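*Asks:* My structure is below; once you've seen it, I'll send some questions.
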Amino acid sequence: MQEIDPSVFIHPSAQLYGKLSIGEGSSVWPNVVMRSEIQEIQIGRMSNIQDFVMIHTAYDGPTIVGDHCSITHHVTLHGCIVEDDCLIGIGATIMDGARIGKGSIVAGGTFIPEGKEYPPYSVIMGSPGKVRAERDNRSANRLNALVYHRNASAYTDGNHRGWDGPEFQEWFAATKARLDAELS
C-alpha cells in the first residue's frame with residue numbers, strides 16, 4: 001500500500017514498490033528506486049530524494065526519512081532513520097539500524113555502519129563515519145530542501161531551469177534570511 005500526498009513530484013523513471021508513504025511537498029527524482037517488501041519506507045514532508053538514490057528496508061526495521069531532508073545523488077539508505085533537517089551527501093551509504101540525528105550532514109562518500117547512532121547537529125565523514133564537527137545545520141539543510149521543492153514545482157510546469165535568473169536569486173536570498181531568523 002502506498003500513501004503518497006498528491007503534492008509530491010515523482011519523476012516518471014522512479015520505481016516505487018511495496019509499502020511506502022511520502023509526505024506533502026516532497027520530490028522523487030530520476031531513476032530513484034524504493035523497495036519495501038517486508039517493512040516500510042516513510043519519507044516526510046518537503047524532503048527530496050535525488051537522482052539514482054536506492055532506498056530499501058531491513059528485515060527487522062523500516063527506512064525513515066524525516067521532514068526537510070535532502071537525500072542527494074547516488075545515496076543508499078538501508079533500514080535506517082534520518083531525522084528532520086538532514087542532508088545526506090552524494091554517494092553516502094547508511095546501513096541497517098543506523099540513526100542520523102536532526103540537523104546533521106553526512107558528507108559525500110561516507111559509510112555509516114549497522115546500528116551506529118549520531119547525535120543531532122553532527123557533521124559526519126569517513127568510512128566508517130565519524131563525527132568531525134558539531135553545528136546546527138538546520139537552516140542550510142532546510143534551505144536546500146526548499147530549493148528542491150521549488151525546483152519540483154518548476155519541473156511540474158515543464159520548466160527545467162528553475163534555478164536560473166534574478167527571480168530565483170531574490171527568492172533564495174529572502175528564504176535564507178527567513179530561515180536563519182526562524183531557526184537561530
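*Asks:* What number of residues in region 58-97 are in contact with a helix residue (DSSP H, G or I) (Cβ under 9 Å, 6 or more places away or on another chain) and part of a strand (DSSP E or B)?
*Replies:* Number satisfying all stated conditions: 2.
*Asks:* Here's something else I'd like to know. Can you tell me how many residues within region 37-69 are hydroxyl-bearing (Ser, Thr, Tyr) and either under 20 Å from Phe9 (Cβ atoms) or in contact with a Cys (Cβ under 8 Å, 6 or more places away or on another chain) (or both)? Outline the logic, then answer.
*Replies:* Of the residues in region 37-69, the ones hydroxyl-bearing (Ser, Thr, Tyr) are 47, 57, 59, 63.
Subset that is either under 20 Å from Phe9 (Cβ atoms) or in contact with a Cys (Cβ under 8 Å, 6 or more places away or on another chain) (or both): 47, 63.
The total comes to 2.
*Asks:* Using the structure shown, decide if Asn141 is among the polar types (S, T, N, Q) and under 18 Å from His73 (Cβ atoms).
*Replies:* Yes; evaluated as a whole, the condition is true for this residue.
*Asks:* What number of residues in region 99-109 are surrounded by fewer than 23 Cβ atoms within 10 Å (Cβ to Cβ) and assigned to a loop (DSSP other than H, G, I, E, B)?
*Replies:* Filtering region 99-109 down to residues surrounded by fewer than 23 Cβ atoms within 10 Å (Cβ to Cβ) leaves 99, 101-102, 107-109.
This time we only want the ones that are assigned to a loop (DSSP other than H, G, I, E, B), so: 101-102, 107-109.
Selection size over region 99-109: 5.
*Asks:* State whether one or more residues within region 160-178 are surrounded by 12 or more Cβ atoms within 10 Å (Cβ to Cβ), of a type in the set (D, E, K, R), over 12 Å from His68 (Cβ atoms) and in contact with a Ser or Thr (Cβ under 8 Å, 6 or more places away or on another chain). Quick ask: steps written out before the conclusion?
*Replies:* Step one: list which residues in region 160-178 are surrounded by 12 or more Cβ atoms within 10 Å (Cβ to Cβ), which gives 162-163, 168, 171-172, 175-176, 178.
Filter again for of a type in the set (D, E, K, R), leaving 176, 178.
Applying the additional criterion that residues be over 12 Å from His68 (Cβ atoms) yields 176, 178.
Then keep just the ones that are in contact with a Ser or Thr (Cβ under 8 Å, 6 or more places away or on another chain); that gives 176.
Among the residues of region 160-178, at least one is surrounded by 12 or more Cβ atoms within 10 Å (Cβ to Cβ), of a type in the set (D, E, K, R), over 12 Å from His68 (Cβ atoms) and in contact with a Ser or Thr (Cβ under 8 Å, 6 or more places away or on another chain), which makes the answer yes.
*Asks:* Quick one: in region 125-138, which of the residues that are surrounded by 21 or more Cβ atoms within 10 Å (Cβ to Cβ) and in contact with a Gly (Cβ under 9 Å, 6 or more places away or on another chain) is nearest to Glu40 (Cα to Cα)? Give the derivation first.
*Replies:* We begin by selecting, within region 125-138, every residue surrounded by 21 or more Cβ atoms within 10 Å (Cβ to Cβ); these are 129, 137-138.
With the extra rule that they be in contact with a Gly (Cβ under 9 Å, 6 or more places away or on another chain), the set shrinks to 137-138.
Values: Asn137: 27, Arg138: 26 Å.
The residue in question is Arg138.
*Asks:* Of these, Met54, Met34, Met95, which one is buried (at least 23 other Cβ atoms within 10 Å of the Cβ), of a type outside the set (Lys, Arg) and either touching a residue at least 12 places away in the same chain (Cβ under 8 Å) or under 20 Å from Pro6 (Cβ atoms) (or both)?
*Replies:* Values: Met54 fails: buried (at least 23 other Cβ atoms within 10 Å of the Cβ); Met95 fails: buried (at least 23 other Cβ atoms within 10 Å of the Cβ).
The match here is Met34.
*Asks:* Could you tell me whether region 112-123 includes any residue that is surrounded by fewer than 18 Cβ atoms within 10 Å (Cβ to Cβ), in a loop (DSSP other than H, G, I, E, B), among the acidic types (Asp, Glu) and at pLDDT below 95?
*Replies:* No, the conditions are met nowhere in region 112-123.
*Asks:* For region 35-47, does any single residue satisfy the condition of being hydrophobic (A, V, I, L, M, F, W, C) and within 22 Å of Tyr155 (Cα to Cα)?
*Replies:* yes
*Asks:* Based on this model, can you work out whether Thr76 counts as within 19 Å of Tyr121 (Cα to Cα), surrounded by fewer than 24 Cβ atoms within 10 Å (Cβ to Cβ) and among the hydroxyl-bearing types (Ser, Thr, Tyr)?
*Replies:* Working: within 19 Å of Tyr121 (Cα to Cα): no; surrounded by fewer than 24 Cβ atoms within 10 Å (Cβ to Cβ): yes; among the hydroxyl-bearing types (Ser, Thr, Tyr): yes.
No; evaluated as a whole, the condition is false for this residue.
*Asks:* Can you name the number of the only condition in (1) in contact (Cβ under 8 Å) with a residue 40 or more places away in the chain; (2) buried (at least 24 other Cβ atoms within 10 Å of the Cβ); (3) over 11 Å from the mean Cα position of the chain (by Cα) that Gln39 fails?
*Replies:* Answer for Gln39: the failing condition is (2).
*Asks:* Now for a different question. Given the conditions (1) of a type in the set (D, E, K, R); (2) touching a residue at least 24 places away in the same chain (Cβ under 8 Å); (3) outside any helix (DSSP H, G or I), and given that Asp180 satisfies all but one, which numbered condition is not satisfied?
*Replies:* If we test Asp180 against (1) of a type in the set (D, E, K, R); (2) touching a residue at least 24 places away in the same chain (Cβ under 8 Å); (3) outside any helix (DSSP H, G or I), just (3) comes out false.
*Asks:* Among the polar types (S, T, N, Q), crowded, with 17+ Cβ neighbours inside 10 Å, assigned to a helix (DSSP H, G or I) and in contact with a Gly (Cβ under 6 Å, 6 or more places away or on another chain): does that describe Asn141?
*Replies:* Values: among the polar types (S, T, N, Q): yes; crowded, with 17+ Cβ neighbours inside 10 Å: yes; assigned to a helix (DSSP H, G or I): yes; in contact with a Gly (Cβ under 6 Å, 6 or more places away or on another chain): no.
No.
*Asks:* Also, I was wondering about something else. For region 142-159, does any single residue satisfy the condition of being over 26 Å from Pro30 (Cα atoms), of a type in the set (Lys, Arg) and in contact with a Leu (Cβ under 6 Å, 6 or more places away or on another chain)?
*Replies:* No: zero hits.
The values are calculated or read from the model by the stated rules, or taken from the named source; none is laboratory data. What you are looking at is a predicted structure, and each value in this text was computed from that prediction instead of being measured. Ideal geometry is used to build each Cβ from the backbone, glycine not excepted, and the neighbour counts take in all protein chains shown.
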